[in-house]
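Structure first, commentary second.
Every read-out reported here was derived from the displayed coordinates using simple, explicitly stated rules and does not represent laboratory data. Note that the structure is predicted; figures quoted are calculated from it, not measured. Neighbour counts run over all protein chains shown; Cβ positions are idealised from the backbone, glycine included.
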Amino acid sequence: MAEQFLTTRRDKFKEFLQGVVTWSRKWSFWPIPIGTACCGIEYMAIVASHFDISRWGAEVVRFSPRQADLMVIAGTITRKMGEVVRRVWEQMAEPKWVIAFGSCASTGNGIYQTYSVLDGVDKVIPVDVYVAGCPPRPEAFLEALEYLQNKIENKKEYFKKLEEEKKIIQVEGKTIIVGGEIIKPSIR
Ligand code: SF4
């Protein structure tokens with residue numbers, strides 16, 4: 001009886017601890033931006049006061065891969081740069097996530113399709129979520145953050161809702177944010 005009681009308490013404690021870890025991960029992304037073109041400027045706007053990214057706990061931008069868990073690819077990635085991006089990504093500790101922000105990062109962008117540009121950063125690293133647009137709206141990036149938060153929590157009903165509202169589409173196993181509702185900034 002006593003043993004059963006102890007086992008139950010231990011399981012409950014493990015569950016509680018897992019919940020705390022998940023909650024902490026969800027609310028404390030430390031992004032490392034790879035801003036190689038105009039989307040980099042868009043990303044700077046997102047982390048400025050107007051959009052108050054702290055509401056998602058993702059304002060602590062790091063420029064060391066060892067202190068970051070979210071890579072944000074914001075801009076064109078050339079073949080030469082692809083090797084560097086891969087090396088930086090490898091130096092990040094697990095668990096880690098990647099957002100391909102904008103058409104260039106996601107697909108190479110039709111207008112720049114040349115021999116020197118990668119057809120999407122997913123040719124060198126795995127991407128968790130793609131944000132459509134050239135450039136995407138800041139709100140679309142915030143939706144990508146919310147998507148990742150719910151992915152960490154594995155909230156299936158949230159993904160269903162997004163698909164119903166046509167805010168995300170799935171193409172060949174890739175999740176693409178196509179929304180970007182205007183979210184009223186907290187500071188004007
Ligand atoms: S997607 Fe458009 S805005 Fe973004 S880096 Fe490419 S060209 Fe610039």
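What the table below lists for this structure:
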item: Matching residues in the stretch 33-60 - criterion: being within 18 Å of GLU90 (Cα to Cα) and among the aliphatic types (A, V, I, L, M); result: ILE34
item: Residue ID - nearest to GLY35 (Cα to Cα), chosen from residues in the stretch 163-175 that are acidic (Asp, Glu) and in a loop (DSSP other than H, G, I, E, B); result: GLU172
item: Pair list, Cβ under 9 Å, 6 or more apart: the stretch 83-101 residue farther than 12 Å from ILE32 by Cβ, other residue charged (D, E, K, R); result: GLU94/ASP69; PRO95/ARG25; PRO95/ASP69; ALA100/ASP122; ALA100/ASP128; PHE101/GLU42
item: Test: residue in the stretch 36-46 that is under 21 Å from ALA140 (Cβ atoms), surrounded by fewer than 18 Cβ atoms within 10 Å (Cβ to Cβ), of a type in the set (A, V, I, L, M) and away from the ligand (no atom under 16 Å from the Cβ); result: no
item: Hey, ALA68 surrounded by 14 or more Cβ atoms within 10 Å (Cβ to Cβ) and under 17 Å from ILE152 (Cβ atoms) or not; result: yes
